[in-house]
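Asker: Before anything else, here's the structure in question.
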């Protein structure tokens, strides 16, 4: 009587599957090879690099790594659309949303999601004057560090084809300013 063996969901070769999982986590090809195939730890770096490159170039390996990354990104809720949305939130953030009509900072829990997402760091410190028994509370200092709008705008410009680092590429718009 034959035993039924459950077919693995990944690659059937355990070492190759380990190699793919290491690559999908962001390990270098050489590190992934040494992890999956321990006998390669004694090989020269050039030999490891060569073998790892050839292995990673295989269609079934590339397909498996892509699938593992997609599974991981889906589990984390990461998608190109979400990344672009976050970039847009930072690029178009209005710092005025952090303050009330008198110019005082709003409590963090009353800010909208876009405003909270744009805050990179927040420090609150009580301010005092005097020493000892003469020490008096004179106010509260708020330090708010906001995410870099220019980086987010530049990333969106590149994505939309409005900007290019390369002089040979044609940008989506040509803007001429006559002075």
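Asker: Which of the following residues is in contact with a helix residue (DSSP H, G or I) (Cβ under 7 Å, 6 or more places away or on another chain) and modelled with pLDDT under 90: 152, 164?
Answerer: 152
Asker: State which residue is farthest from the chain's Cα centre (by Cα) when the search covers only the stretch 49-59 and only residues that are touching a residue at least 12 places away in the same chain (Cβ under 8 Å) and more than 13 Å from residue 23 (Cβ to Cβ).
Answerer: Going through the qualifying residues, I end up with 51.
Asker: Is it the case that residue 119 is surrounded by 11 or more Cβ atoms within 10 Å (Cβ to Cβ) and more than 21 Å from the chain's Cα centre (by Cα)? Walk me through how you get there before you give the answer.
Answerer: Values: surrounded by 11 or more Cβ atoms within 10 Å (Cβ to Cβ): yes; more than 21 Å from the chain's Cα centre (by Cα): no.
No, not satisfied.
Asker: Still on this structure: Condition (residue is in contact with a strand residue (DSSP E or B) (Cβ under 8 Å, 6 or more places away or on another chain) and surrounded by 11 or more Cβ atoms within 10 Å (Cβ to Cβ)) applied to the stretch 129-137: is it met by at least one residue?
Answerer: no
Asker: Please state which of the following conditions residue 87 fails to meet, knowing it meets all the rest: (1) at pLDDT 95 or above; (2) surrounded by 13 or more Cβ atoms within 10 Å (Cβ to Cβ).
Answerer: Tallying (1) at pLDDT 95 or above; (2) surrounded by 13 or more Cβ atoms within 10 Å (Cβ to Cβ), residue 87 fails exactly one: (1).
Asker: Between 67, 39, which is loosely packed, with under 14 Cβ neighbours inside 10 Å and not assigned by TED's automatic domain parsing to the domain that holds residue 148?
Answerer: 39
Asker: Further question on the same structure: From 26, 96, 103, 46, which residue is part of a helix (DSSP H, G or I), within 30 Å of residue 146 (Cβ to Cβ) and without any contact (Cβ under 8 Å) to a residue 12 or more places away in the chain?
Answerer: On the way: 26 fails: part of a helix (DSSP H, G or I); 103 fails: part of a helix (DSSP H, G or I); 46 fails: within 30 Å of residue 146 (Cβ to Cβ).
Result of the check over 26, 96, 103, 46: 96.
The values are calculated or read from the model by the stated rules, or taken from the named source; none is laboratory data. A quick note: this is a predicted structure, and the numbers were derived from the prediction, not measured. Please note: Cβ atoms are built from the backbone with ideal geometry, for glycine as well, and neighbour counts cover all protein chains shown.
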